[in-house]
Amino acid sequence: MNTKIWIKAAWGVAHRMGRAYGLSDADTEDAMQESFIQAYMQLKQLKRPRAFQKWLATIMVHTCYHIQKRIQPEEIQETMSAAEFTPGFENNNLRHVLEQAILQLPATYRLPFVLKELNGYSLKDTAQILHLSTVNTKIRLFRARQILKRYLQQSHIAEELLVFEAPRCEALTQRVMQTIHHIP
C-alpha cells in the first residue's frame, strides 16, 4: 500500500474527526500526524486490509482523546465557528448555516454524527470506533438530528430551501394558463 496515497485518502476523514472532537486546527494536525505514524508503524498488525479506514478512524479517535486530555479544558472548543472548521473556503449562506449547526452540537452527539453522516461509516462501525453500543449510537444520532432540526427551524433556513422563486412561478403560471385556455 502506497503510504502517500492512503494518507491523502484518509486526510479528510481524519481532519473532520479531530475538529469534531473540538480540537483546534493545530491540535487536529498533531492528532492526524500521530495517528498516521501509529498506523504506519502497526500496519503489519492489520489483519484485514479492507478494514483499514475503520482501523485508522479508531486510532484517530484514541489519539484525539489523548490530546484532549493533555490540553487545558479551556482550550477545548466544545462548540466552534464554521470559519474554523473550513479554513480558506468561501462559505455560501446555506453551507455556513449547516456547518454552524453541526458545530453547535454537543461533542457527545457531534462525534457520532460526523462519523456516520459526514464520513460515511455504518452504524455498526461508528459504534465500534466510539466504543459505544449500537443502541446508544442510534440514540445519539437521533438526538443530534433533533437538535439540528430545531437549529435549522430557528434559523429559518428551511424556508429558504427548495423555494420556487417568483420569476419561475410566473412563467409556470403563464404556461398553465395558456394550456388551460386551449382545453375545450
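Things worth noting here:
Each row is one residue, and each column tells you yes or no for (1) at pLDDT 80 or above; (2) basic (Lys, Arg); (3) more than 20 Å from HIS131 (Cβ to Cβ).
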position	(1), (2), (3)
LYS4	no, yes, yes
ALA14	yes, no, no
ALA20	yes, no, no
GLU29	yes, no, yes
GLN42	yes, no, no
ALA57	yes, no, no
GLN72	no, no, yes
GLU78	no, no, yes
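- Residue count for segment 99-130, restricted to those that are open to solvent by 60 Å² or more (accessible area, probe 1.4 Å), touching a residue at least 40 places away in the same chain (Cβ under 8 Å) and either farther than 17 Å from LYS149 by Cβ or assigned to a helix (DSSP H, G or I) (or both): 2
- For segment 19-52, the tally of residues that are closer than 21 Å to TYR109 by Cα and in contact (Cβ under 8 Å) with a residue 40 or more places away in the chain stands at 8.
- When the criteria are applied in full, ILE7 fails the requirement of being open to solvent by 50 Å² or more (accessible area, probe 1.4 Å), of a type in the set (Val, Ile, Thr) and free of Cβ contacts under 8 Å to residues at least 12 places away in the same chain.
- Residues of segment 39-74 that are open to solvent by 60 Å² or more (accessible area, probe 1.4 Å), assigned to a helix (DSSP H, G or I) and closer than 21 Å to TYR121 by Cα: PRO49, ARG50, GLN53, HIS62, TYR65.
Conditions tested, residue by residue: (1) at pLDDT below 75; (2) in a helix (DSSP H, G or I); (3) among the charged types (D, E, K, R).
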residue	(1), (2), (3)
LEU148	no, yes, no
VAL163	yes, no, no
CYS169	yes, yes, no
GLN174	yes, yes, no
MET177	yes, yes, no
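- First in segment 145-157 and aromatic (Phe, Trp, Tyr), second anywhere and surrounded by 14 or more Cβ atoms within 10 Å (Cβ to Cβ), Cβ under 6 Å, 6 or more apart: TYR151/ALA101
The values are calculated or read from the model by the stated rules, or taken from the named source; none is laboratory data. What you see is a predicted model, and the numbers here were worked out from it, not measured in a lab. Note: ideal-geometry Cβ built from the backbone for every residue, glycine included; neighbour counts use all protein chains shown. The accessibility values were calculated without ligands, DNA or RNA, using every heavy atom of the protein model including side chains. Shrake-Rupley method; radii C 1.70, N 1.55, O 1.52, S 1.80 Å.
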